[in-house]
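Visitor: For reference, the structure I am asking about is given below.
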Amino acid sequence: MDPSQQKTEVQNIFFAGNRGTFTLDRKDSRFMFTSRDTQKTITLTPSDLQNITWVQTISGNIIKFYTKDNSCQIFTNFPSDFVKPFKIFTENPDNYVPLSILQSDVSGANWGEVRVDDTVAFTHDSKTILEFPAKSINQVEALKNTVTLFFQEPKVSKPNEESLVSIKFYVPGKDGTITRAESLRNEIKSKGHISSAAGERIASFTEIPFDVPRGRLSIEFYRKVMMVHGKTHTHTIEYRNITNIYALPGADQQFAWIMLSFKQPMRQGQTTYDNFVIKNDTHATPMQTTLNLTDEEIEQFGKKLGKTIDATATQTILTLVAAFTGKKIDFPRHFTTDDGRKFVNASHKSSNGQLYFFKKSLVFAPKPPIVVPFSDVIAIDFPRLSSSASSAQTSFDIRATLHVAPGVFEFTTIPRPDYGPIVKYLKEVGVKVKDTAKSNRGETKQAQVDQDDDSSDDEAYGESESGDSGSDESAEENKRLEGAFEADDGEDSEGLADELKSLEKEAPTEKRRTTTQQTPRQRPKMVKDDDDSD
């Protein structure tokens, strides 16, 4: 590298999880870093800095810039031959910044001390083994004598690109009444991204029942993130990482679950979560929640939020997530079975649940939560559907073939009377449907006659069932249910909590219960999942 050039550029430098180009600009006396992914540029001048430290490693040297506002900016992966032009630049009287050169520990030792400041450093004999910014930590867990750190994943990554996801320290012993592992966790939380990401806490809730991950967890809302706390782990969820908010009715047609879908999966050990499922306690007592927001901040949300919210904890959580993310609440308002349900009972592998049909996706809940976007679907078929209209078959399966991984999703043991409404709805939203029953009936002349009869039955199925004595009542209840989720079609979500509260006071009628019990079926035995119970 020629120190006489006006600019020296170094590629593949890392800063705060971003890969980019570091530039030593001699003409304008400055250091610059430009992210490859976001194209944003960070600029530092000698007048901004207190001192600089160059840390020598076997490969990928580190430069730490200590600024006058007591922050530390760390850049990594510099080649060894860059130290000469960098040192000449900093020793120039016009650009002078004190520079110290340190060596890292390369002895291969895997024990030492952990020092927590603006950075977290693991040292041995006063030499650094590894070091990273505290603000790059997204989660921290302490379990017995181990501390696990989870790092923020890159917002944009290329195929086959590797990144550090987590690191685990073994910390034996006790520090007073708590373990040293818990003490280290608390120290890292006080310095890291976990505690400083969002400023003052706006609202908090405890003992909230979750189906995924399983347990009773605590939720804290901040300005940019929400935090979900368990006994041994913390999930920090950035609002921008939430792609969809689903409000799902249960077997009694009441609001049963909140399902949050993520762009980047949340991690807990070796387990990843694409979705969280919060269970609604229909017997919960409404309470008043006061939000820690100024009047000016409240005005930014328009009619979505007030200074206080009078609703159950789950209803308030739904309102806050919708307001802070700016997302609409998705509700399966456009699909209805012939007996008035907004879902069909189904199973995925050994788990029982409900299958919901939205305009743009297929959703299975509560466990395992699955979202199948129709944009990923090649076709949907029914592999176990009888070819005879007179068959005594009571259930059928749905198979969605995708052009992305995992390639196929199959949902089984769906009641046979729900076949007609499902096929009709899928065709209405433009999903390619392979009508297995009709194709099978076309193999013989007699089967062709059966096909014609069965087709007529499918078309007239809604009319024949509409004369049921409970259908008008079902339609009226669904109308009230849909009114609570006007935000699904882009309407204002004002009064959502009140609508949900009034909805939950409505007990399902005896006629509805009789209707839903007309197709009893043997459900597969539930298999206990492996999530940690809190």
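The values are calculated or read from the model by the stated rules, or taken from the named source; none is laboratory data. Predicted model only: the values in this text are computed from it and were never measured. We work out accessible area using only protein heavy atoms, side chains counted, and drop any ligands, DNA or RNA first. Shrake-Rupley method; radii C 1.70, N 1.55, O 1.52, S 1.80 Å.
Visitor: With every protein chain present, what is the per residue accessible area of the stretch 225-337 (1.4 Å probe, Å²)?
Guide: With all protein chains present, the stretch 225-337 gives 39 Å² per residue.
Visitor: A further question on this structure: Starting from a Cα-only point model with no solvent, please compute log10 I(q)/I(0) by Debye for the stretch 218-283 at q = 0.12, 0.14, 0.27 1/Å.
Guide: Taking Cα atoms of the stretch 218-283 as identical point scatterers yields -0.35, -0.47, -1.25.
Visitor: Too long at a 28 Å Cα-Cα cut-off: which of K328/K424; K27/K68; K263/K360; K40/K307; K279/K307?
Guide: Result: K40/K307 exceed 28 Å.
Visitor: Under a 1.4 angstrom probe, counting protein chains only, how are T316, T413 ranked by accessible area, largest first?
Guide: Sorted by accessible area, descending: T413, T316.
Visitor: Another question, then. How much of the accessible area of the stretch 33-171, probe 1.4 Å, is carbon plus sulfur, in whole percent?
Guide: 49
Visitor: What is the Å³ per residue value for the convex hull set by the Cα atoms of the stretch 1-142?
Guide: Taking only Cα atoms, the stretch 1-142 has a hull volume of 122 Å³ per residue.
Visitor: Kirkwood Rh and Cα-based Rg: tell me the resulting Rg over Rh for the stretch 62-153, rounded to two decimals.
Guide: Reported Rg/Rh (Cα atoms, Kirkwood Rh): 1.02.
Visitor: Given the stretch 279-411 reduced to its alpha-carbon atoms as identical point scatterers, what log10 I(q)/I(0) does the Debye formula return at q = 0.16 Å⁻¹?
Guide: With one equal scatterer per Cα and no solvent, log10 I(q)/I(0) is -0.97.
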